[in-house]
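Please treat every number below as a calculation from the coordinates, not as lab data. Everything numeric here is computed off the predicted structure, so don't read it as measured data. Positions of Cβ are backbone-derived with ideal geometry, glycine not excepted, and every protein chain shown enters the neighbour counts.
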Amino acid sequence: MESRENTRWIRIYGVITVLLIVIHFLLGLKIFDLWEEYIPFMKKLSISLFLISLIFLISKIIARLITTQSHLQGERYNLLRIIRFLATVLSLIVAAAFLFQNLYAAAVSFGLISLVIGFALQAPISSFIAWVYLIFRRSYLVGDRIQIKSFRGDVIEISYLETSILECSGDYLGNDRLSGRIIRFPNSLIMREEVINYSGPQIPFIWNETPIQVAFTSDLKFVEECLLAAAEGDFKERYQQLASSGNEQWKPAVYFRVNRFAWMEAVISYPVEPNDTTDRRNRILRYALPLLNASPDKVKFPEGTLR
């Protein structure tokens, strides 16, 4: 869809570019001598519009090349943002050259304007600088699950001044599902607060754990085997490619502890994608509990009001 949209704009800017350069050369014909005093202005205007149109044409061609390549979603988003920004800046330079007689006057004017704007718009400017930092430092990309201060969710947009995330958990949920609320915060926040990124191409998983209460008289070895079978079975079914590689670092583990109610807890620790924590926990429990309940002589569950 995005590639077709870029193709449409390439055609539009291509036609406009050709028309403007044709108009520029037609203005040199003798038939326009009657408007001789306006010809220099019209030529300068047409060549300026031609250059602006050419800049956006080139930017759309590059954007189309990027969308057709196999970049990660976040990388593609950042590259497209940079191209749009550069196209806008170059177009403003062309417009300034048209409005002013020489680049020196334009530079002086921009310098004075920038000085005034710098004092008046400190917060937006710091957010823009933070956006540049994000582009090169890649603290997070679109699609990553992050946490900054009390905000946690999936990044859906990184604009020049603010970041938008689709919140997970939140005030009304006790799990990691998306709440449906959108949180927007200024990019400058990343320069003052630590950013926790749950996602990344180098490490696709985070570690999660799920406890199950069992009696002290249970067969702990059998409990461990059932929990490991549940976690490994779900991993093989959902992450077949990684499971077939036999990578030891993603092997689940079971340990036992005594909770604050003095019950024994069997805890299964396992790798999971950041946006799959709740569903993976449910799948493991649905797989493990029938195995445990099928052997009441080996697995006993605690009784009492504090279960």
Legend entry - Whichever lysines have a C-alpha closer than 18 Å to that of Lys236, once near sequence neighbours (fewer than 8 apart) are set aside: Lys251
Inset, instruction - Arrange the following residues from fewest to most other Cβ atoms within 10 Å of their Cβ: Trp9, Trp263, Trp131. - result: Trp9, Trp263, Trp131
Legend entry - Cα centroid separation, region 204-236 to region 122-144 (Å): 41 Å
Inset, instruction - Compute the FRET efficiency between Leu166 and Arg260 as 1/(1 + (r/R0)^6), taking r as their Cβ-Cβ distance and R0 = 25 Å, and round to the nearest 0.05. - result: 0.15
Legend entry - Residues Tyr140, Tyr287, Tyr133, Tyr255, sorted so that the one with the fewest Cβ neighbours within 10 Å comes first: Tyr255, Tyr133, Tyr287, Tyr140
Inset, instruction - Give, in nm to one decimal, the length gained when the segment between Arg181 and Arg137 is fully stretched (0.36 nm per residue of separation minus the Cα-Cα distance). - result: 13.1 nm
Legend entry - Computed label-point distance, nm, for sites Phe301 and Lys221 using a 7 Å Cα→Cβ extension: 2.5 nm
Inset, instruction - Arrange Phe41, Phe301, Phe205 by Cβ neighbour counts within 10 Å, fewest through most, would you? - result: Phe41, Phe301, Phe205
Legend entry - Cα gyration tensor shape for region 128-209, rounded if a/c is under 1.5, else prolate or oblate: oblate
Inset, instruction - Could you pull out every one of the lysines with an alpha carbon less than 26 Å from that of Lys44, ignoring same-chain neighbours closer than 8 positions? - result: Lys30, Lys60
Inset, instruction - Quote the relative contact order of region 136-197 in percent (integer), defining contacts as alpha-carbon pairs under 8 Å separated by 6+ residues. - result: 32 percent
Inset, instruction - Tell me the label-point distance for the pair Gln240, Ile23, using the 7 Å Cα-to-Cβ offset, in nm and rounded to one decimal. - result: 5.8 nm
Legend entry - Pairwise label distance in nanometres, Trp207 with Ile12, each label 7 Å out on the Cα-Cβ vector: 5.2 nm
Inset, instruction - Find which of Ile212, Ile135, Gly174 sits farthest along the positive direction of the dipole of region 126-230, computed with +1 on the beta-carbon of Lys and Arg, -1 on that of Asp and Glu, about the Cα centre. - result: Ile135
